[in-house]
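The block underneath contains the structure these notes are about, expressed in structure tokens.
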Amino acid sequence: MKVHPLKLLLGLGLTLLAASFLSAAPNIDGRWRMDPAKSTALDGWQKMDLEIATDGSAVSVTYHMQWRSTKVSATNHYDTTQSVTSDDYFRVEQRHMAVYPTKHGTTTATATWLDDGRTLRIEANTSVEVSQGDVPMRLYQEFRVGEMGDRLTLIELHSSRTRPLVYVFDKLSAEEAAK
């Protein structure tokens, strides 16, 4: 079968164009520093960095939090092929809001890639301890990488809040992250 040279050239061009889009997709891996001026107030903390690492279907999100001299780091692990269960799931607001994980409770979370890998969606169900007792809480997060790959926006919705939390991060270079 003979292929017309114009069709062959067009097919090759489309293949190269698709490959360039895939290689241009920003990488969520790395360390990200919150920009407080563009973010929801981080009550109970002064600074927040995220460190995100992917390895196949595994994704880990490490929160590096600081309040004065107090520093806390906590990692949530996910798998984009199945739900995961954790007995030490970290939530940013738990320190300030006095909404703590239920003793001996667990969190079930699912992770999914959206928008051709530009957005990581996390849905989690957990039990929390409040002054009225133990109650279920549903969390929804989207980690959205910007078009240039240098900005990450984290949008969080909680079943216990009426407004979303929005945190904006700038990607740190390897030198900045090492400091």
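The values are calculated or read from the model by the stated rules, or taken from the named source; none is laboratory data. Nothing here was measured: the structure is a model prediction, and the numbers come from that model. So basically every Cβ, Gly included, is an ideal-geometry build from the backbone, and we count neighbours across all protein chains shown. Areas reflect the complete protein model, heavy atoms only, side chains present, ligands, DNA and RNA absent. Shrake-Rupley method; radii C 1.70, N 1.55, O 1.52, S 1.80 Å.
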Within segment 40-60, track down each residue that is within 15 Å of Val145 (Cα to Cα) and either without any contact (Cβ under 8 Å) to a residue 24 or more places away in the chain or open to solvent by 20 Å² or more (accessible area, probe 1.4 Å) (or both). Glu51, Ala53, Thr54
Before we move on, is Tyr100 of a type in the set (Phe, Trp, Tyr), touching a strand residue (DSSP E or B) at 6+ places or on another chain (Cβ under 6 Å) and modelled with pLDDT under 95? yes
Residues of segment 160-178 being of a type in the set (S, T, N, Q) and loosely packed, with under 13 Cβ neighbours inside 10 Å, in sequence order, are Thr162, Ser173
Taking the criterion of being closer than 15 Å to Gly30 by Cα, surrounded by fewer than 17 Cβ atoms within 10 Å (Cβ to Cβ) and in contact (Cβ under 8 Å) with a residue 24 or more places away in the chain, would at least one residue in segment 84-103 satisfy it? no
Name the residue that is nearest to His64 (Cα to Cα), counting only residues in segment 24-39 that are open to solvent by less than 80 Å² (accessible area, probe 1.4 Å) and over 13 Å from the mean Cα position of the chain (by Cα). Asp35
Inside segment 127-149, can you point out the residues that are exposed (fewer than 15 other Cβ atoms within 10 Å of the Cβ) and either in contact with a Ser or Thr (Cβ under 9 Å, 6 or more places away or on another chain) or closer than 20 Å to Pro36 by Cβ (or both)? Val130, Asp134, Val135, Pro136, Arg138, Tyr140
Would you call Val61 of a type in the set (A, V, I, L, M) and either in a strand (DSSP E or B) or over 24 Å from Asp134 (Cα atoms) (or both)? yes
